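Report on the structure given below.
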């Protein structure tokens, strides 16, 4: 199963691709940060996200996609731009008829580090350990790989328990409220 993880951003969108086996073990395939902040205006940034994700999908042929849910930002304008960048990424994926699942930052940190309140540096470190990567990862790309790893682990748990992935996520969300 090839999984594309996306960490949306209006300046940099992180992407990470892993191959996951039936046990949830992940093998690194590709990662990068799509730098779109240099575009002339904001709509051009959204277009760049859309087109660059299409190119990645066409090159790497993922089976499923996982994306980080938007969190609340201190600045309302930043939150709106982040939501629009996320929308462009989701549109790129669904336009290629790929299933997309969403994970909160807390779910991602918990799946990768074992603690939902983990620091960004801890996530970067654990992604490197889990994927046996020795170079320092760019933060957005590391976050995208973490999203992909989270999906691989959640998918594996859903298959082992006979639960559909979306139902498992709904149950996990309810149990925390």
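Values in this text are rule-based calculations from the coordinates and carry no lab data. This is a predicted model, so every value here is computed, not measured. So basically every Cβ, Gly included, is an ideal-geometry build from the backbone, and we count neighbours across all protein chains shown.
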Honestly the chain on the Cα gyration tensor test (a ≥ b ≥ c root eigenvalues; a/c under 1.5 rounded, otherwise a/b vs b/c for prolate or oblate) is just rounded
At R0 = 35 Å, FRET efficiency that the Cβ-Cβ distance of residue 40 and residue 159 yields, to 0.05: 0.15
Would you mind calculating the gained length between residue 132 and residue 78 on full extension (0.36 nm times residue separation, minus the Cα-Cα distance), in nm to one decimal? 16.1 nm
The chain: relative contact order from alpha carbon pairs under 8 Å, six or more residues apart, as a whole percent, is 29
